[in-house]
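Written out below as structure tokens is the structure these notes cover.
The values are calculated or read from the model by the stated rules, or taken from the named source; none is laboratory data. Source: prediction; values computed, not measured. Just so you know, the surface numbers come from the protein's heavy atoms only, side chains and all, with ligands and any DNA or RNA stripped out. Shrake-Rupley method; radii C 1.70, N 1.55, O 1.52, S 1.80 Å.
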Amino acid sequence: MTTPSRCFHDLRRPLQTTVLRVCLSEDDLSELGFWDDVRRSPALSPGVLNRSCLRRACMEDPHLARLVTDHLDLKYLDTLVLVASLERAELDAMVRAWCEKPEGRSLPGLLWSLLSDGRKKVHALGVRLQHEAEAIALGRLVGDLDA
């Protein structure tokens, strides 16, 4: 028996923000109708502003949240299928391996696949991956590679 996946709308707000920043490119935002070069903010870059507008719109419109979910599911279908086929212990090993040797290209698909998985313990691995990736990225940004 398969566990239903989670919709973007069902993720906690910080996870939604991370998913939009990590998993959706400007082209993806454009396909979803949320890339606007005209939209301006003195405090935010266009990428941050457009992703913020999309996240807020998804909270108000469950249909749009479902479109974002479907878009992410299609974009990362191979990883979703892989994650669904693995047991929690195998996925835990995969997350540990990623944390030991972070590789940026694999992060978006793995992150979305874990966070959207309906199994609570697998979703928790996605939360862990999000925290680890954030710590690694911020550590590198400030020059502390042992983050």
Worksheet entry | Karplus 3J(HN,Hα) series, Hz, for the range 15-26 with 6.51 cos²θ - 1.76 cosθ + 1.60 (x for Gly, Pro) | 5, 4, 4, 5, 4, 5, 6, 8, 9, 10, 7, 4
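For H9, H131, give the ranking by accessible area with the largest first, probe 1.4 Å.
H131, H9
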Response to the item:
Read-out Cα extents along the principal axes in Å, candidates [x] 54, 31, 20; [y] 46, 44, 22; [z] 63, 27, 22; calculated match is [y]
Practice prompt. For R6, enumerate residues with amide H under 5 Å from its amide H, sequence gap 5+ or separate chain, H modeled in the peptide plane.
Written response: D117, G118
Response to the item:
In a Gaussian network model of the chain with springs linking alpha carbons closer than 10 Å, the residue among S52, S116, S41 that fluctuates most is S41
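From the protein chains alone at 1.4 Å, what is the descending order of accessible area for F34, F8, largest first?
Heavy-atom accessible area, descending, gives F34, F8.
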